[in-house]
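Read-outs: derived from the displayed coordinates by stated rules, not from any lab. Values in this document were obtained by computation on a predicted structure and should not be read as measured data. FYI the Cβ positions are ideal-geometry reconstructions off the backbone, even for glycines, and counts take in every protein chain you see.
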Amino acid sequence: MEPYLIITELNDFVFCPKSIYFHHLYGRYHAGLYKEKPQIIGTLNHERIDKQSYSTEKRYLQGIEIYSQTYGLCGKIDLYDAQTKTLIERKTQVKTIYQGYKYQLWAQYFCLTEMGHEVKKLVLRSLNDNKNYALLPPSPAEIKEFETHLKKIRQFNPNDPSFTQNPEKCRRCIYAPLCDSNAAH
Ligand code: SF4
């Protein structure tokens with residue numbers, strides 16, 4: 001059986017495939033060692049959900065562990081509203097709906113439905129400007145695209161000598177000081 005992928009890696013991989021390797025290496029250390037301010041704010045927003053402080057109403061499932069045996073995925077959701085069947089992923093600020101955000105939400109969608117929860121709506125919530133972006137559950141074509149993405153992650157070789165990265169991304173990358181493929185030198 002293939003190893004489980006952590007759902008946040010589906011988004012990270014779009015930013016840079018190599019960042020997954022560093023995430024595995026350093027993910028277990030305290031956030032302050034390797035995260036910069038915007039990411040710490042994002043972490044704090046998620047901590048509120050992890051501590052299940054969003055609402056005490058029973059209709060909300062908050063920060064629960066999820067998994068999909070079909071896709072070999074595990075992780076957590078931010079919020080699921082059982083009354084409206086809505087899955088919500090909160091980000092500090094959403095300026096663009098990146099493909100990585102969609103992969104993350106789709107992964108949560110597959111996990112939740114496999115665990116027996118009906119999901120009708122997917123929402124990306126931007127906290128700073130209080131905006132909601134509604135997404136549809138993945139279409140058959142998007143499911144294929146999603147499966148190809150998982151395959152690429154599983155097949156990626158961090159030591160591939162042909163790997164190159166956009167210097168702009170490396171400049172914004174928290175792992176840049178550790179990475180021998182850093183193109184921003
Ligand atoms: S420094 Fe560049 S190549 Fe290395 S992990 Fe970050 S984005 Fe990827």
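A residue that is in contact (Cβ under 8 Å) with a residue 12 or more places away in the chain, surrounded by 13 or more Cβ atoms within 10 Å (Cβ to Cβ) and farther than 29 Å from LEU87 by Cα cannot be found anywhere in segment 134-141. Checking each residue in segment 68-103 for being in contact with a strand residue (DSSP E or B) (Cβ under 6 Å, 6 or more places away or on another chain), in a loop (DSSP other than H, G, I, E, B) and polar (S, T, N, Q) picks out only GLN93.
The sole residue among LEU127, LEU105, LEU122, LEU178 that is more than 15 Å from the ligand (Cβ to nearest atom) and surrounded by fewer than 16 Cβ atoms within 10 Å (Cβ to Cβ) is LEU127.
Could you grab me the full set of residues in segment 175-184 that are in a loop (DSSP other than H, G, I, E, B) and either touching a Lys or Arg at 6+ places or on another chain (Cβ under 6 Å) or more than 15 Å from HIS24 (Cα to Cα) (or both)?
Within segment 175-184, ASP180, SER181, ASN182, ALA183, ALA184 meet the criteria.
When segment 12-26 is filtered for residues that are in a helix (DSSP H, G or I), near the ligand (Cβ under 8 Å from one of its atoms) and not aromatic (Phe, Trp, Tyr), the ones remaining, listed by number, are PRO17, LYS18, SER19. Give the residues of segment 107-140 that are assigned to a loop (DSSP other than H, G, I, E, B) and touching a helix residue (DSSP H, G or I) at 6+ places or on another chain (Cβ under 7 Å), sorted by residue number. Listed by number, the residues that qualify are VAL119, LEU127, PRO137, PRO138.
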